[in-house]
Ligand code: ADE
Ligand code: ZN
């Protein structure tokens, strides 16, 4: 099953580029930029990755991104991620970034997006990995801050496919951002939002009704609401599920209790993603292998997960057909 997963062509649709910051690279860039990290070594930083909820992780995640200053830093970060997922046979990626996590520290929007974009262009040429960039608003900040960020993004609109919503979910409902998401929609961005990771099913309903999302990032707590499950199935709203993230952030106690298999069997359009792989212990294949080991999904469900990824991606029809055909060719031989 491991080799079936390794060879399976995949798309990653829920990935925070700042969450791919491996300790080794973090120390290297910190040294290059003359910044001192509050950890003595790679090992002591690793030891801090012991989270009991989302906020524990976010505190360390924001601290880590503080060492990113130059376009080269963002290039190196993105390049390192792309090399990892190329080895996992990931064929398309949609990358989140948190502009406010950088502009609030005096790093220009242009510096961030150009560094990320340059690495993506190179990976397209070198690895035939297609990609999109999605900027996320930090939901612990106010809506005006998100609106200023949307304005700052205007000159880079040609590089940004969509707008999302991340950071501390509890107490920060989608409703808080309904005006800025209406503006983003009018400007033609794709719309996604984190919802139902720690927040109640009501937050998923708000993301659908008020933000008018095309996909839900996470969506775990939908399983508490039968009517919502039915709606998500009827409307075939993709859920970008992140198993190892859910485990590390104690959204589930263990992967055997993860709802992924039930989600699939109920007809929800779920995909598998790594979220913040440097912090959660694994990239795409590690996530697939961990859920297969815990839930015995079998090849057909694994194939369905891969197919859902290509179907839910913000790509044009030509690229979608190309990737689905590649998947079909693989399944013809290996299923
Ligand atoms: N930012 C980075 N990873 C996140 C997650 N899993 N939930 C919310 N915000 C995040
Ligand atoms: Zn996320």
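The values are calculated or read from the model by the stated rules, or taken from the named source; none is laboratory data. It should be emphasised that the depicted structure is a prediction, and the values quoted were computed from it without experimental measurement. Every residue, glycine as well, gets a Cβ built from its backbone with ideal geometry; the counts of neighbours run over all protein chains shown.
Below, the figures for the structure above:
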quantity	calculated
Any chance residue 177 is buried (at least 23 other Cβ atoms within 10 Å of the Cβ) and away from ligand 1 (no atom under 16 Å from the Cβ)	no
Hey, residue 57 buried (at least 16 other Cβ atoms within 10 Å of the Cβ) and within 16 Å of ligand 1 (Cβ to nearest atom) or not	yes
Count of residues meeting criterion [within 16 Å of ligand 1 (Cβ to nearest atom) and outside any helix (DSSP H, G or I)] in region 215-226	5
Qualifying residue in region 292-311 (condition: assigned to a strand (DSSP E or B) and buried (at least 22 other Cβ atoms within 10 Å of the Cβ))	no
Filter result for residue 82 (modelled with pLDDT of 95 or more, in a loop (DSSP other than H, G, I, E, B), away from ligand 2 (no atom under 16 Å from the Cβ) and touching a helix residue (DSSP H, G or I) at 6+ places or on another chain (Cβ under 7 Å))	no
Test for residue 47: is it free of Cβ contacts under 8 Å to residues at least 12 places away in the same chain, surrounded by fewer than 22 Cβ atoms within 10 Å (Cβ to Cβ) and over 19 Å from residue 242 (Cβ atoms)	yes
Residues within region 15-41 that are more than 18 Å from residue 57 (Cβ to Cβ) and either at pLDDT below 95 or within 16 Å of ligand 2 (Cβ to nearest atom) (or both), tallied	3
Criterion violated by residue 187 - all others in (1) under 30 Å from residue 154 (Cβ atoms); (2) surrounded by fewer than 19 Cβ atoms within 10 Å (Cβ to Cβ); (3) within 16 Å of ligand 1 (Cβ to nearest atom) satisfied	(3)
Residues that are closer than 18 Å to residue 12 by Cβ and more than 18 Å from the chain's Cα centre (by Cα), drawn from region 209-249	none
So residue 285, is it within 12 Å of residue 5 (Cβ to Cβ), surrounded by fewer than 17 Cβ atoms within 10 Å (Cβ to Cβ) and at pLDDT 95 or above	no
Qualifying residue in region 241-258 (condition: out of contact with any helix residue (DSSP H, G or I) (no Cβ under 8 Å at 6 or more places or on another chain), assigned to a helix (DSSP H, G or I) and at pLDDT 95 or above)	yes
Complete set of residues in region 312-335 that are in contact (Cβ under 8 Å) with a residue 40 or more places away in the chain and either part of a helix (DSSP H, G or I) or within 23 Å of residue 247 (Cβ to Cβ) (or both)	312, 319, 323, 326, 327, 330, 334
Residue match in region 66-75 (condition: more than 16 Å from ligand 1 (Cβ to nearest atom), outside any helix (DSSP H, G or I) and touching a helix residue (DSSP H, G or I) at 6+ places or on another chain (Cβ under 7 Å))	yes
Candidate set: region 260-282, residues that are part of a loop (DSSP other than H, G, I, E, B) and within 16 Å of ligand 1 (Cβ to nearest atom); chosen: the one surrounded by the most Cβ atoms within 10 Å (Cβ to Cβ)	274
Qualifying strands (runs of 3 or more DSSP E) (wholly inside region 97-214; at least 3 residues being free of Cβ contacts under 8 Å to residues at least 40 places away in the same chain)	130-138, 190-195
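Matching residues to (1) in contact with a strand residue (DSSP E or B) (Cβ under 9 Å, 6 or more places away or on another chain); (2) within 16 Å of ligand 2 (Cβ to nearest atom):
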site: 252; (1), (2): no, yes
site: 257; (1), (2): no, no
site: 290; (1), (2): no, no
site: 298; (1), (2): no, no
site: 301; (1), (2): no, no
site: 306; (1), (2): yes, no
site: 309; (1), (2): yes, yes
